[in-house]
Amino acid sequence: MTGVTARVPAKLNLQLAVGPPRADGYHDLVTVFHAVSLFDQVTVEPAEDGDDAVTVTGEGADRVPADQDNLALRAVVALRAAVRDRDTGAGAVHVTIAKRIPVAAGLAGGSADAAAALVACNELWAAGLTQQQLRGIGATVGSDVAFALLGGTAVGRGRGEQLTPALAPATQYHWVLAFADGQLSTPAVYAALDRLRASQGGSGSKRESQGGARRAASPGHGQPDLDAALMSALRSGEAARVGQRLSNDLQAAAVSLFPALRKTLAAGLELGALGALVAGSGPTCVFLAANAERALELAVSLSGAGVCRSVARVSGPVPGAAVVSAG
Ligand code: C5P
């Protein structure tokens, strides 16, 4: 085989409930992941000189490491280690990442590329690992890799790697993403949340999102809970109900580090979004629209309002990482 290309979606978190920091520095989460139609493509080809290498092109390519720190390369190395006892040639590869998912934007683009590299190398090497096995390997590379393999809408627990697919009807939701002029570091946002909670005198979770106004923080509340009302809204397929239950415990922390987001979120709600929140650790802002037409109107108005770098319309749920061509 001369090369395999896989396509992989960005993710949103429709709920992101964060517990106190654990001994290993991570935070226990309860999150509702949702894969959306903004895709990176990853191609793997046998490397002629015998060394793994990576080339990154597209959106934000100059900010993606092109060495052994690259998450896609780390996934290749982890998969090779996992199949070394098998009768399969897991030779050196050249990985080419074509990015459309912005870097350090809260959309798990790095984890997505790792997931795509796993499915592409699994095919190139004819390794025959199941998705479940790939998810186990992916979880060692990044907390969001397992979901990028699964796709759809799913509840994540632990660091986000323990997944249960959500039984939701075939509703497609229409989202507008507002990309910020800048990035946020995920560890910095988690650390800011810990500081905010310490200054509020509690370490707990519970929803502090939607601008912090509608739902008050509950200091002292330890472990995060799944939002039953969000799950019920998703089962109903009613976008207006889903919009009211979007929540992200990292939002206040992201806004504290990137105050311009407050204005972006407010603008989207004023322009008629059914719900608004920061994507993961930010700084992308996410807006839910009633249908494709409303999403187009919202995208046009938001880009005219000058409250973000650029906008994109996406829909979800979409499937996880998958091979799109092999030859
Ligand atoms: O797993 P990943 O490398 O994507 O995580 C990046 C950083 O985000 C971690 O080093 C940690 O600081 C923070 N994090 C966390 N709790 C999680 C996931 C990520 O504290 N559940």
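Of the residues A114, A180, the single one that is open to solvent by less than 50 Å² (accessible area, probe 1.4 Å) and away from the ligand (no atom under 11 Å from the Cβ) is A180.
Of all residues in the stretch 70-102, those being in contact with a Gly (Cβ under 7 Å, 6 or more places away or on another chain), surrounded by fewer than 17 Cβ atoms within 10 Å (Cβ to Cβ) and either aliphatic (A, V, I, L, M) or part of a strand (DSSP E or B) (or both) number 1.
Do any residues in the stretch 132-153 that are free of Cβ contacts under 8 Å to residues at least 60 places away in the same chain have Cβ atoms under 6 Å from those of residues that are of a type in the set (A, V, I, L, M) and away from the ligand (no atom under 11 Å from the Cβ), where the two are at least six apart or on different chains, and which pairs are they? As it stands, the answer is L134/L118; L134/L149; R135/L149; A146/L163, since those pairs meet every condition given.
Residue check: F33 meets all listed conditions (1) at pLDDT below 95; (2) within 16 Å of the ligand (Cβ to nearest atom); (3) crowded, with 19+ Cβ neighbours inside 10 Å but one, namely (1). Of T88, T130, T140, T96, all but one fail to be within 16 Å of the ligand (Cβ to nearest atom) and more than 19 Å from V286 (Cβ to Cβ); the exception is T140.
Looking at the stretch 179-233, which of the residues that are farther than 18 Å from H27 by Cβ, among the aliphatic types (A, V, I, L, M) and part of a loop (DSSP other than H, G, I, E, B) is modelled with the highest pLDDT? Taking the candidates together, the pick is A180. In the set V18, V42, only one residue is touching a Leu at 6+ places or on another chain (Cβ under 8 Å) and open to solvent by less than 60 Å² (accessible area, probe 1.4 Å); that residue is V18.
The values are calculated or read from the model by the stated rules, or taken from the named source; none is laboratory data. Please read all numbers here as calculations on a predicted model, not as lab measurements. Glycine also receives a Cβ, built like all others from the backbone with ideal geometry; neighbour counts cover every protein chain displayed. We work out accessible area using only protein heavy atoms, side chains counted, and drop any ligands, DNA or RNA first. Shrake-Rupley method; radii C 1.70, N 1.55, O 1.52, S 1.80 Å.
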